[in-house]
Amino acid sequence: MKILAISGGRAGGNNELLLKAALKEAKAITGAEVEVIRMKDIQLHFCSGCETCMRGLTTGGNGDCVYQDDDLGFLKEHILEADGFLVTAPVYDMIPSGAMVNLVNRALGVGKDFQQACRSNPKVGAVISIGGSDWIDFTEPIVNLILCNLSKSAQVVDRLIAGHNTAPGMVGCREDLMERAKLLGRRVGEALLKRERGESFGYEGDEGICPVCHISLLEMTGGSKVRCPYCAATGELAIENGKIRIRWADDIMEHNRFTVWGENDHRGEIGASHKLAAENKDRIREKAKELEDFGGIFIKPER
Ligand SMILES: Cc1cc2nc3c(=O)[nH]c(=O)nc-3n(C[C@H](O)[C@H](O)[C@H](O)COP(=O)(O)O)c2cc1C
């Protein structure tokens, strides 16, 4: 059994300390082999936006990224082998750190073969993300996305997301957080054992608002309608016994972004957008021509 973690914070920093505490606990329960990849040791191009991967995926190809000369292959190799998969990232400007965001952008081009291999052997997943203050609001959904998009399949069993820890390694004086990290590690370990025995396991972390993904953000989409900004589960606000409640739609478990339905819906959207562009290619070319003489606005540093 293998547990892989990807660490996006400082070496010896807060996220890494909690990650180590969690991994130690998971290893003690399962005897699993444990590996940690630090993002600072990984070289990755930024996604160029060329859409080669998406065009490949929507036209029957494998959808591999055009960049084959960086460490995405190394990451894929290790993710593929893992039974447990943890991601840890510090909060930078209310979202996970840039190296992790770049990584999730590149996850679009991992290729269909990799996606299928991951899905045939779903991993046990968990996330740790620590910030220095209470400016952590958008971290929860994005860190979840990083884990799920990279692994293509991970069943998230726990998430530890907290603020108020700035100095490197200061979580060492936060017994509550250290204990919480150990609990996360135990949950991962126990889920891995259940997975090995062919038993089912599920999410055990904080409830949040959304019953599908447990995110605590909510979008108001008009009138009393609401939507989870992460998984797109829909519902309606209601007042029951003087308290605000959300009446979630009956089909949210099947109709959300992270189901087969959601994936097909998303591919359909992208396909429709490309079709619209193809149908209007002359108009698009004309518009670009119209703006061509306004092209001298781009500047770049001398090299
Ligand atoms: C560029 C930068 C931006 C940051 N932005 C935030 C932020 O928006 N919210 C927050 O809570 N902490 C923020 N922090 C603080 C870090 O999240 C905090 O120091 C964290 O403990 C670092 O984790 P590490 O020790 O694992 O690297 C920021 C730090 C840096 C370097």
Cα atoms only: what Rg and Dmax, in Å, come out for the range 118-227? 15.7, 47
Could you tell me the convex hull volume per residue, in Å³, taken over the Cα atoms of the range 1-68? 134
Once normalised by the length of the chain, the mean sequence separation of its alpha carbon contacts under 8 Å that are 6 or more apart gives a contact order in percent of 17
What lysines does Lys123 reach when the alpha-carbon gap must be under 25 Å and sequence neighbours fewer than 8 apart in one chain are set aside? Lys2, Lys20, Lys24, Lys27, Lys40, Lys76, Lys112, Lys152, Lys182, Lys194
Among the Cα-Cα pairs of the range 1-115, the proportion with separation greater than 18 Å, in percent, is 55
Which residues' amide hydrogens lie under 5 Å from the amide hydrogen of Arg38, considering only partners 5 or more residues apart or on another chain, with H built in the peptide plane? Ser7
Descending principal axes extents, the range 154-303, alpha-carbon based, whole Å: 62, 51, 43
Taking placed amide H atoms and a strict 5 Å upper bound, the residues 5 or more places from Phe138 or on another chain that come that close are none
Could you bin all the Cα-Cα distances of the range 2-196 into 10 Å bins starting at 0 and give me the percent of pairs in each, rounded to whole numbers? 10, 37, 35, 15, 3, 0
List the GluC sites (Glu not before Pro) within the range 203-297 that fall in a DSSP loop (any state other than H, G, I, E or B) and whose Cβ has at most 14 other Cβ atoms within 10 Å. Glu207, Glu254
Lys/Arg +1, Asp/Glu -1 at C-beta; the range 138-244 dipole; positive extreme among Ile142, His214, Gly163: Ile142
Might you list the cysteines of the chain that have no disulfide-compatible partner by the rule of another cysteine's Cβ under 4.7 Å? Cys47, Cys50, Cys53, Cys65, Cys118, Cys148, Cys173
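Each value in this text was obtained by applying a stated rule to the coordinates, not by laboratory testing. It should be emphasised that the depicted structure is a prediction, and the values quoted were computed from it without experimental measurement. For neighbour counting, all protein chains shown are included, and Cβ atoms are generated from backbone atoms with ideal geometry for every residue, glycine included.
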